[in-house]
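Trainee: This is the structure I want to talk about, given as structure tokens.
The values are calculated or read from the model by the stated rules, or taken from the named source; none is laboratory data. The structure displayed is predicted, hence computed values, not measured ones. Cβ sites come from the backbone with ideal geometry, for glycine too, and all protein chains shown count toward neighbours. These area figures cover heavy atoms from the full protein model, side chains too; ligands, DNA and RNA do not enter into them. Shrake-Rupley method; radii C 1.70, N 1.55, O 1.52, S 1.80 Å.
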Amino acid sequence: MRKALRWLLALAVLIGTLSTAGAATAAQPEATGPTDIKDQLLAIPGMSLIEEKPYTGYRFFVLNYTQPIDHRHPSKGTFQQRITVLHKDVSRPTVFYTGGYNVSTNPSRREPTQIVDGNQVSMEYRFFTPSRPNPADWSKLDIWQAASDQHRIFKALKSIYTKNWISTGGSKGGMTATYYERFYPKDMDGVVAYVAPNDVVNDEDSAYDRFFTQVGTKECRDRLNAVQREALVRREPLEKKYAAYAADNGYTFNTIGSLDRAYEAVVLDYVWGFWQYSLLSDCDSIPANAATATDDDIWNSVDTISGFSFYTDQGLEPYTPYYYQAGTQLGAPTINFPYIEKKYIRYGYQPPRNFVPRSIPMKFQPWAMRDVDTWVRHNAHHMLFVYGQNDPWGAERFRVGKGSKDSYVFTAPGLNHGANVAGLVADQKALATARILEWAGVPAATAAQAKPLAKFDKKLDVRDVEREPALRP
């Protein structure tokens, strides 16, 4: 009996101990989740790692994020969209960047990121490979779908990067940042759009014609115009050179239709391309007397600025998504050449339709840019637009109206398609920097004291103006 009683007491004590231990375990706080930034990023549903690259002071990740092909119907398939994260610290603000094309997989820092000393998330625009659905339904390539890509990425990362966010981009990336703000105005705390074209009425491009009669100096304009005209006057011998060049490199012309069309397209890009990429001081590199220049002189000057490889099938293919958008929503410029006799121009500026394979259907939507332009004029809030004085794309630009708040349009004197805040006149530079810092939640003591918070890094911060086709922002 005593043994049985002792056994029952021992069992009671054991059960009590186990119950207490269980209670103690239950009372412990739940796990707080991963603390390493890579683990936090990969804990996001749909996020996967491509690679991590080291850079002093940062963590840099190349990632894939699963996106719906159609944000209106998420159940109808997905694709992998490439993004990168330049991680500084979750306590810092974040800059959301896209160039509107492919994303670089090497660490780099955009100007607002340097100004706020923050993190940077960079997005590859949908339908630029490898961020393209397969099969590709091109009707799902539009500005709202792309803005919705950004919105989902922002929502996914905001739980990690909880401080203020600023979106930015240059050229088509500046357009992209603006469209994102139009469709999702509550996401970002500020927008910095560089050299963003705004083609509100696609068939009205007289602003570009006026620009080319005023840009730079008359001497420089005359040199450029003469070389462009001479390249068309010498069409026959230079097209023979072009044919040999194409044969040597395996280039073909099925999309644009012929070598002749491609040749004229390259030549007509010449003056535009010079002002887009070059400075007034570069006029010294242009043949002074086109009429007496050799064929090689004319060829080399045009090739250096416009690039004879571009309107080949091989040159056009990577930019099919851009030309598709230009021909369906963004619009494309057309200019006149009053200094070239009509007999030398066979095609003029060709429409985007000529640069997209015919298997891809296209229909222009004239209301798309009118909607964005109207929204910016009446609703811009915490938006900064920066243009270059000598950049052709700035001839048709965004403007802010009476309905806008704390928004600005500035022009950097003498600069081209690479214009930035650093190139503004002193008072505008100080104001722009101060506003960016304020929007990012790290305001300067006074506007006059505003300056970039991060030291200049020659690897992260130095970029040439992107050497891209002239008739492409």
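Trainee: Is it the case, given these coordinates, that VAL85 is out of contact with any Lys or Arg (no Cβ under 7 Å at 6 or more places or on another chain), over 18 Å from ALA147 (Cα atoms) and open to solvent by less than 10 Å² (accessible area, probe 1.4 Å)?
Mentor: It is true that VAL85 is out of contact with any Lys or Arg (no Cβ under 7 Å at 6 or more places or on another chain), over 18 Å from ALA147 (Cα atoms) and open to solvent by less than 10 Å² (accessible area, probe 1.4 Å).
Trainee: While we're here: Starting from region 167-180, keep only residues that are surrounded by 24 or more Cβ atoms within 10 Å (Cβ to Cβ), then list their pairs with residues that are basic (Lys, Arg) and outside any helix (DSSP H, G or I) whose Cβ atoms are within a distance under 6 Å, requiring at least 6 positions of separation or different chains.
Mentor: Correct list of pairs: THR168/ARG110.
Trainee: Same structure again: I'd like the full set of residues that are assigned to a helix (DSSP H, G or I), farther than 16 Å from SER281 by Cα and open to solvent by 40 Å² or more (accessible area, probe 1.4 Å), limited to region 210-225.
Mentor: ARG210
Trainee: Let me ask you something else. Would you mention how many residues in region 412-422 are under 19 Å from LEU453 (Cβ atoms) and free of Cβ contacts under 8 Å to residues at least 40 places away in the same chain?
Mentor: 0
Trainee: From the residues in region 106-135 that are over 14 Å from the mean Cα position of the chain (by Cα) and open to solvent by 40 Å² or more (accessible area, probe 1.4 Å), which one is nearest to LYS158 (Cα to Cα)?
Mentor: If we take residues in region 106-135 being over 14 Å from the mean Cα position of the chain (by Cα) and open to solvent by 40 Å² or more (accessible area, probe 1.4 Å), then ASN106 is nearest to LYS158 (Cα to Cα).
Trainee: Hey, among GLY348, GLY414, which residue is outside any strand (DSSP E or B), more than 23 Å from the chain's Cα centre (by Cα) and loosely packed, with under 15 Cβ neighbours inside 10 Å?
Mentor: Among GLY348, GLY414, only GLY348 is outside any strand (DSSP E or B), more than 23 Å from the chain's Cα centre (by Cα) and loosely packed, with under 15 Cβ neighbours inside 10 Å.
Trainee: Right, another one. Which ones in region 45-68 are under 17 Å from HIS87 (Cβ atoms), touching a helix residue (DSSP H, G or I) at 6+ places or on another chain (Cβ under 9 Å) and not basic (Lys, Arg)?
Mentor: Listed by number, the residues that qualify are MET47, SER48, LEU49, GLU52, PHE61, LEU63, TYR65.
Trainee: On to the next question. Can you give me the ranges of the helices (runs of 4 or more DSSP H) entirely in region 233-320 with at least 3 residues that are of a type in the set (S, T, N, Q)?
Mentor: 295-305
Trainee: Write out, first by first residue and then by second, each pair whose Cβ atoms fall under 6 Å of each other, whose residues are 6+ apart or on separate chains, and whose first residue, in region 397-408, is closer than 19 Å to ASP189 by Cβ and at pLDDT 95 or above while the second is open to solvent by 30 Å² or more (accessible area, probe 1.4 Å) and in a loop (DSSP other than H, G, I, E, B).
Mentor: Listed pairs, sorted by first residue: ASP406/HIS382; SER407/VAL400.
Trainee: Based on this model, can you work out whether VAL267 counts as surrounded by 17 or more Cβ atoms within 10 Å (Cβ to Cβ), without any contact (Cβ under 8 Å) to a residue 40 or more places away in the chain and not small (Gly, Ala, Ser)?
Mentor: Yes: the conditions hold for VAL267.
Trainee: Can we say ALA156 is closer than 23 Å to PRO68 by Cα and surrounded by fewer than 24 Cβ atoms within 10 Å (Cβ to Cβ)?
Mentor: Criteria met by ALA156.
Trainee: While we're looking at this one, here's another question. Can you confirm whether LYS186 is touching an Asp or Glu at 6+ places or on another chain (Cβ under 8 Å), open to solvent by 10 Å² or more (accessible area, probe 1.4 Å) and either of a type in the set (D, E, K, R) or at pLDDT below 95 (or both)?
Mentor: Spelling it out, it is not the case that LYS186 is touching an Asp or Glu at 6+ places or on another chain (Cβ under 8 Å), open to solvent by 10 Å² or more (accessible area, probe 1.4 Å) and either of a type in the set (D, E, K, R) or at pLDDT below 95 (or both).
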